[in-house]
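Structure first, commentary second.
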Amino acid sequence: MKALIKIAVATVVASMASGCGDSSHSPEVRNRATVPLEVVQEAVAMCSAGAGPQKQNCYETLLLGRLDVGGVADALAMLAAVSELDRSVQRYGHVYVHAIGITAYQKNPNLVEVFSSCSNLFQSGCYHGVLQAHLMTLDKLGADDIDAVCEPYKGFRADRWLLFQCLHGLGHGLTMFYGHHLLHALEGCDQLSSDWDQQSCYGGAFMENIINATSPHHLATELMPGNAATGDGAADGYDERTTMDQHEHPAASWKALDSEDPHYPCSILEQRYLRDCYMMQTSAMLWMNGGDIAAAARSCDGAPEDMRPICYQSLGRDISSYTLQDPDRSITLCNKGDEQYWAWCYIGLVKNFIDLTARTESAFEFCREVEGSGNKMKCYEAIGEQIYMLHNTTAQRKALCDDSEGKPYAQ
């Protein structure tokens, strides 16, 4: 099995209305399971000495072997335990859980059942992998089909966090379905019934566009028609899948990234896509500039003025992966950019802290370290936006906000 992708990318959660009473799903991980310590230690001893693709492939093989033995819960529990002993695993944890979700669906192609077996671990990537695998079993997709995929997670009392994970995963899956032709994936997202649904889907499409371009031998590419043997990328395996208007869209006509333009593809897109494009764009910038945070910040300074805060928020998310959520190092790297956008970088950081585990403790710890009342307020507002999605009741949201530094940050 091919090595997992080697890029630190994180799930991008769409911004919601602010205020600390705003977003964060149940802090507990679904489907708890335990793996014997000796099994975890053996896995780390076997894989940790490796490097790059060899190391990633080693862990992937063991995790998917655990999936065979005990199911999704066991595989996720093993990954969580391994990541505590080998912290480097945390940097690519989101990609490992994508692989678990993909493989779980291949073993049991029941979308709702397998989706419900996933957890929030490592930015909820298991959910996204399930959607990727599901869409790649389909021959055609109409507007009604696209809108129906996440219907089980809608409703007055529905879990908004799960709905987001479904929609984000749908964006990943649509991009693959259309042969990694981003524009047609975005058109697919446009068929969804609300602006929030569409934007949640856009984020997954932009993320998949970058992942496929920077690491084309990611496990997900094995799902592409014709790729199981060659692994040569999406375009070679494109198989006449059709969109709502029944037109074919070969991926060969789409250029995912442009080494001469750090803002591409954002620079060629319509206004309605720009926010979600720039919310992922620093992952492309950092891949092209060799991980130079200061250079990526300068590239953000060249974005359209109204997109610069969003670009810095994207940079904060990526910094979180680069520093493995170390608060002091993260603040130092954010501060390499233009001071007027530091707060936006902090927003990206603190949201990613929560996305990783669906817990808020590390986020509150981070905001306490932020200096300047304006920056601190933005930081706590970002936590609020996440709490809104993680919990459905006002009482639950308010209880978490009480962990802030009091008025005015707990309002």
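In this structure, does residue 206 turn out to be surrounded by 22 or more Cβ atoms within 10 Å (Cβ to Cβ), among the aromatic types (Phe, Trp, Tyr), under 14 Å from residue 134 (Cβ atoms) and in contact with a helix residue (DSSP H, G or I) (Cβ under 7 Å, 6 or more places away or on another chain)? Walk me through it before giving the result.
Numbers: surrounded by 22 or more Cβ atoms within 10 Å (Cβ to Cβ): yes; among the aromatic types (Phe, Trp, Tyr): yes; under 14 Å from residue 134 (Cβ atoms): no; in contact with a helix residue (DSSP H, G or I) (Cβ under 7 Å, 6 or more places away or on another chain): yes.
Here the answer is no, as residue 206 does not meet what is asked.
Could you tell me whether residue 267 is in contact with a Pro (Cβ under 8 Å, 6 or more places away or on another chain), farther than 30 Å from residue 392 by Cβ and not basic (Lys, Arg)? Write out each step before concluding.
Numbers: in contact with a Pro (Cβ under 8 Å, 6 or more places away or on another chain): no; farther than 30 Å from residue 392 by Cβ: yes; not basic (Lys, Arg): yes.
Considered against the rule, which asks whether it is in contact with a Pro (Cβ under 8 Å, 6 or more places away or on another chain), farther than 30 Å from residue 392 by Cβ and not basic (Lys, Arg), residue 267 comes out as no.
Residue 339 passes every criterion in (1) over 16 Å from residue 317 (Cα atoms); (2) modelled with pLDDT of 90 or more; (3) in contact with a helix residue (DSSP H, G or I) (Cβ under 6 Å, 6 or more places away or on another chain) apart from (3). Against the conditions (1) among the polar types (S, T, N, Q); (2) at pLDDT 95 or above; (3) in a loop (DSSP other than H, G, I, E, B), residue 199 satisfies every one except (3). What number of residues in the range 75-109 are open to solvent by 20 Å² or more (accessible area, probe 1.4 Å), hydroxyl-bearing (Ser, Thr, Tyr) and part of a helix (DSSP H, G or I)? The qualifying residues number 1. Apart from one condition, residue 359 fits all of (1) in a helix (DSSP H, G or I); (2) open to solvent by 20 Å² or more (accessible area, probe 1.4 Å); (3) among the basic types (Lys, Arg); the exception is (1).
Residue-by-condition table, conditions (1) touching a Lys or Arg at 6+ places or on another chain (Cβ under 6 Å); (2) open to solvent by 60 Å² or more (accessible area, probe 1.4 Å); (3) modelled with pLDDT of 90 or more; (4) part of a helix (DSSP H, G or I):
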position: 343; (1), (2), (3), (4): yes, no, yes, yes
position: 346; (1), (2), (3), (4): no, no, yes, yes
position: 355; (1), (2), (3), (4): no, no, no, yes
position: 375; (1), (2), (3), (4): no, no, yes, yes
position: 387; (1), (2), (3), (4): yes, no, no, yes
position: 395; (1), (2), (3), (4): no, yes, no, yes
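When the range 284-330 is filtered for residues that are in a helix (DSSP H, G or I), open to solvent by 10 Å² or more (accessible area, probe 1.4 Å) and either in contact with a strand residue (DSSP E or B) (Cβ under 6 Å, 6 or more places away or on another chain) or among the acidic types (Asp, Glu) (or both), the ones remaining, listed by number, are 301, 305, 306, 328. Residues in the range 138-156 include none that are farther than 24 Å from residue 391 by Cα, part of a helix (DSSP H, G or I) and in contact with a His (Cβ under 7 Å, 6 or more places away or on another chain). Taking first residues from the range 275-295 that are touching a residue at least 40 places away in the same chain (Cβ under 8 Å) and partners that are surrounded by fewer than 24 Cβ atoms within 10 Å (Cβ to Cβ) and among the basic types (Lys, Arg), the Cβ contacts under 6 Å between residues at least 6 apart in sequence or on separate chains come to 293/336; 294/336. Taking the criterion of being open to solvent by less than 20 Å² (accessible area, probe 1.4 Å), within 13 Å of residue 96 (Cα to Cα) and assigned to a helix (DSSP H, G or I), the residues of the range 110-130 that qualify are 122, 123, 124, 125, 126, 127, 128, 129, 130.
Of all residues in the range 15-43, those that are open to solvent by less than 20 Å² (accessible area, probe 1.4 Å) and modelled with pLDDT of 85 or more total 2.
Applying the selection to the range 183-196, what residues are outside any loop (DSSP other than H, G, I, E, B) and either surrounded by fewer than 24 Cβ atoms within 10 Å (Cβ to Cβ) or not small (Gly, Ala, Ser) (or both)?
Of the residues in the range 183-196, the ones outside any loop (DSSP other than H, G, I, E, B) are 183-189, 195-196.
Once the filter is applied, which keeps residues that are outside any loop (DSSP other than H, G, I, E, B) and either surrounded by fewer than 24 Cβ atoms within 10 Å (Cβ to Cβ) or not small (Gly, Ala, Ser) (or both), the range 183-196 yields 183, 184, 186, 187, 189, 195, 196.
The values are calculated or read from the model by the stated rules, or taken from the named source; none is laboratory data. This one's a predicted model, so the numbers in the text were calculated from it and none came from an experiment. FYI the Cβ positions are ideal-geometry reconstructions off the backbone, even for glycines, and counts take in every protein chain you see. For accessibility, only protein heavy atoms count, side chains too; no ligands or nucleic acids. Shrake-Rupley method; radii C 1.70, N 1.55, O 1.52, S 1.80 Å.
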